[in-house]
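Inspection log for the structure reproduced underneath, given as structure tokens.
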Amino acid sequence: MNTAVFYPRFFDAGPEPMHLREEVVDGLARRPKRLSPKLLYDARGSALFDTICELPEYYPTRTETAILQDNAADIAGLIGEECVLIEPGAGSCHKAELLLCHLPAAAYVPTDICGDHVREAASRLATRFPRLEVASACADFSQFEVLSSFVPSGRRVVFFPGSTIGNFEPHEAKRFLVDAASFVGADGGLLIGVDLKKEPERLRAAYNDARGITAEFNLNLLTRLNRELQGDFDVNRFRHQAFYEMGKGRVEMHLISEAAQEVSIAGLRFRFVPGETIHTENSYKYTIQEFHRLAGSAGFVPGGVWTDRQRLFSVHYLTPRIAGAGPSG
Ligand code: AVJ
């Protein structure tokens with residue numbers, strides 16, 4: 001017997017294929033050495049990240065979920081009815097699913113760099129919310145422009161949870177917000193999750209969990225390069241390091257070489273001195289005020305902000321400033 005599976009409309013925005021070799025060779029030739037955090041997410045890395053989200057020390061996921069749950073009616077009231085909800089980097093769409101239980105949206109458009117994954121998730125949501133128009137796309141975060149022709153017509157609201165914005169340098173975060181503002185237009189909005197500044201010890205623990213899953217997640221990057229670029233990293237001679245850099249307001253993740261060693265990768269050799277680092281991720285933290293300032297510089301006006309009791313995490317609703325309106329709106 002055939003099992004009918006309903007697949008909603010799907011669009012391939014043709015994200016820049018990752019030029020893994022060039023990217024890695026370029027990053028390892030720099031001083032200090034660095035590798036992009038997006039390289040952390042191969043299949044194994046994505047699975048490890050899902051495990052991180054459940055760790056007792058890693059508060060962001062569960063805190064944001066609780067904020068969305070506790071304030072769903074409020075948030076839905078501000079967003080209004082019949083919007084077209086677009087979620088860049090939606091992955092398995094779990095947070096949107098939560099929101100859509102309370103939000104009478106007209107359409108939902110999840111996008112992800114992993115097209116197959118988001119397509120499956122979109123199909124699940126279409127089944128769960130039969131009156132919702134669902135369409136998914138393979139695209140990366142920054143591809144708002146190409147999505148324009150594909151998204152159903154209606155008032156646009158972008159959903160960007162998880163404090164993914166924290167991975168961007170402040171100038172990149174501003175660019176993302178400027179692009180989001182122009183994509184949603186004057187009557188649109190942005191619902192975004194932002195991790196808050198807090199005691200350094202709390203942050204340190206969140207990125208140095210007792211079970212060592214974050215370390216495994218970070219070190220998996222080397223295993224990936226061994227596999228995909230014929231590398232010979234000795235994973236046992238590197239260790240995970242993560243710390244809060246107070247002056248920069250960010251958590252940094254590094255891989256530290258524990259010895260003098262030479263690694264061959266993609267046919268090239270790279271030397272490490274003892275203690276030398278590869279910088280693999282930044283995770284910027286903002287106060288509410290700092291984030292309002294950043295969003296304001298990108299043309300957004302605060303529409304609402306929700307936090308948890310301990311002020312660990314924030315969810316913001318922002319709307320584009322209408323051109324020509326004075327400072328008081
Ligand atoms: C997915 C970028 C939000 O910065 O907290 C978790 C990634 N890195 N533990 C974060 C991450 C180490 C995460 N973001």
message: Which one, F159, F176, L147, projects farthest toward the positive side of the charge dipole computed for segment 140-224 from Cβ point charges (K/R +1, D/E -1)?
response: F159
- request: Could you do me a favour and compute the accessible area per residue for segment 1-153, 1.4 Å probe, result in Å²?
  value: 51
- line: With Rg from the Cα atoms and Rh as the Kirkwood inverse mean 1/r over Cα pairs, segment 173-226 has an Rg/Rh of 1.20
field: Gain in span if fully extended, R202 to E262, counting 0.36 nm per residue against the direct Cα distance
entry: 18.1 nm
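Percent relative contact order of segment 199-289, based on C-alpha pairs within less than 8 angstrom and at least six residues apart?
Values: 148 pairs, mean separation 22.4, N = 91.
It comes to 25 percent, rounded to a whole number.
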task: Taking the dipole about the Cα centre of the chain, with the C-beta of Lys and Arg at +1 and of Asp and Glu at -1, give me whichever of G14, A29, S46 is farthest to the positive side.
output: A29
statement: Expected field for D187, accessible surface area in Å² at 1.4 Å probe radius, rounded to 10, holds 90
task: Determine the dipole magnitude for the chain: charges of +1 sit on the beta-carbon of Lys and Arg, -1 on that of Asp and Glu, nothing else is charged, the reference point is the Cα centre, and the result goes in debye to the nearest 20.
output: 480
field: Axial C-alpha extent at least 15 Å, average Kyte-Doolittle at least 0.0 - helices from the chain (DSSP)
entry: 170-184
task: For segment 185-194, just list the computed ³J(HN,Hα) in residue order, Karplus coefficients 6.51, -1.76 and 1.60, θ = phi - 60°, integers in Hz, with x standing in for Gly and Pro.
output: x, 4, 9, x, x, 9, 10, 9, x, 9
message: With an 8 Å Cα cut-off and a minimum separation of 6 or more residues, compute the relative contact order for segment 6-120 in percent.
response: 23
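Using the Kirkwood radius built from alpha carbon pairs, what does the Stokes-Einstein equation give as D for the chain at 10 °C and 1.306 mPa s, in µm² per second?
76
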A29 paired with T127, simple spin-label distance in nm, labels 7 Å along Cα-to-beta-carbon: 4.9
- line: Per residue, accessible area of segment 250-328 with a 1.4 Å probe, heavy atoms of protein chains only, in Å², comes to 45
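Rounded to the nearest 5, what % of DSSP beta bridges with both residues in the chain are antiparallel?
That works out to approximately 60 percent antiparallel.
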In Å², nearest 10: area of F217 left accessible to a 1.4 Å probe: 10
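State the percentage of accessible surface on the chain attributable to carbon and sulfur atoms; use a 1.4 Å probe and exclude ligands, DNA and RNA.
Working: 7990 of 15490 Å².
In the chain, the share of accessible area belonging to carbon and sulfur is 52 percent.
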- request: Place a +1 charge on the Cβ of each Lys and Arg in segment 133-245 and a -1 charge on the Cβ of each Asp and Glu, then give the dipole magnitude about the Cα centre in debye, rounded to the nearest 20.
  value: 240
statement: Summing -39500 (n - 2.57) over every DSSP H run of at least 4 in the chain, dividing by its residue total and rounding to the nearest 500, the 222 nm mean residue ellipticity is -10000 deg cm²/dmol
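The values are calculated or read from the model by the stated rules, or taken from the named source; none is laboratory data. Quick caveat, the model's predicted, so the values are computed rather than measured. For neighbour counting, all protein chains shown are included, and Cβ atoms are generated from backbone atoms with ideal geometry for every residue, glycine included. The area values use the complete protein model at the heavy-atom level, side chains included, leaving out ligands, DNA and RNA. Shrake-Rupley method; radii C 1.70, N 1.55, O 1.52, S 1.80 Å.
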